[in-house]
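Everything on this sheet refers to the single structure shown next.
Just so you know, all these numbers are worked out from the coordinates, no wet-lab data involved. In this text the structure is predicted, and so the values were computed from the model without any measurement. Neighbour counts run over all protein chains shown; Cβ positions are idealised from the backbone, glycine included.
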Amino acid sequence: MEMEIYYQRMRSDEVFNVIRNLSEKFAMMNHHENDIQMADVNNNNDHNDGNNNNDNRFKGSTTLYYGRSQSLDTDKIINNLYGSSDNHSNNADNNNNNPLENLNINDNLRIPDAKVDAGDDVIIGEINTPCNFYLIKNNPDIIVSFMEFEESLNHFYNNDKNRINLIELYSTSIENNRYGVAKIPSTLEQSEKRWARIQVVNHSDQSTSQCFFIDYGMVTPILTNEIYKLDDRFKQYPARSFKAALADVSPKSEFWSLSETSFFESLSKDKELIIIPMNIIDNDDRHECNLLDNDIDINDEVNNFIRGSCS
């Protein structure tokens with residue numbers, strides 16, 4: 001249990017730091033774009049003599065670059081997910097005016113699973129063993145669209161009129177796998193708690209529930225009275241994280257040792273990896289895969305470590 005808690009906290013800290021850094025970068029780019037637009041307005045006011053040679057010097061689209069990516073059409077990504085920005089703004093205003101009238105809760109509506117393709121960029125979520133861990137999709141287009149989705153989710157649930165408790169007070173049981181929304185547990189590096197989608201894993205007492213954070217690849221206890229129903233509009237965006245297992249890798253003995261799991265963690269921590277999916281384990285939807293860190297095959301490295309410990 002102590003080992004699981006250690007890895008859970010370590011992984012959650014890492015993921016929160018990655019998301020926070022990307023959010024700050026995105027905010028700085030938006031701030032820069034606003035400065036350009038203001039400069040353009042001032043320029044037009046100062047040059048009413050009909051000379052347009054300098055009027056357009058600040059005009060142009062902002063292009064985002066992330067790592068291995070090419071330029072991204074962020075407007076296209078956002079519009080495909082939520083419609084036009086004007087409609088999105090109008091919906092947000094309507095939510096503030098009459099929030100309860102706009103709530104739609106259908107417990108039978110499922111969040112789509114993450115679509116995993118060969119060559120996708122991923123980062124590590126919670127690790128239990130080298131054959132039981134979570135990966136988080138980290139392709140450039142996913143980063144941009146997820147940040148927009150998360151902003152919409154937080155705008156909606158920051159309005160307390162939109163929050164309805166998922167679990168009734170004093171209830172001692174609930175069907176597992178129900179969706180909800182809860183605030184991400186804060187860490188030393190992140191003071192602001194933000195809303196995120198969850199799935200109830202286990203509700204065995206009145207005070208807390210074990211919750212899987214769908215987009216962050218981790219399981220952690222949350223106070224039951226701080227879990228709220230997830231509106232259907234936020235079930236359309238696919239899960240960002242998914243279960244995974246290293247393909248063709250087995251422990252030295254019947255169970256994975258701490259040293260074997262720690263070695264795998266040391267290879268994958270704080271890195272953007274490339275996934276090569278092999279197949280899906282039917283009983284729990286784990287993706288058996290190969291993970292690559294540039295030219296390093298993590299599966300081979302773990303196998304070599306295990307064979308070395310056997311000699």
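Points to keep in mind about this one:
- Taking every C-alpha pair closer than 8 Å and separated by at least 6 residues, the mean separation divided by the residue count of segment 243-309 gives a relative contact order of 41 percent.
- Over segment 140-234: Rg over Rh, Cα atoms, Kirkwood Rh: 0.97
- Long pairs among K183/K243; K193/K271; K229/K269; K137/K183, criterion Cα-Cα beyond 30 Å: K229/K269
- According to the calculation over all Cα-Cα pairs in segment 243-309, the P(r) per 10 Å bin from zero is 20, 52, 27, 1 %.
- Sum of side-chain charges, N290 neighbourhood, beta-carbon under 10 Å (Lys, Arg +1; Asp, Glu -1): -4
- Dipole in debye (nearest 20) - segment 178-302, about Cα centre, beta carbon charges: Lys, Arg +1; Asp, Glu -1: 880
- Computed from the alpha carbon atoms alone, the convex hull of segment 115-159 holds 98 Å³ per residue.
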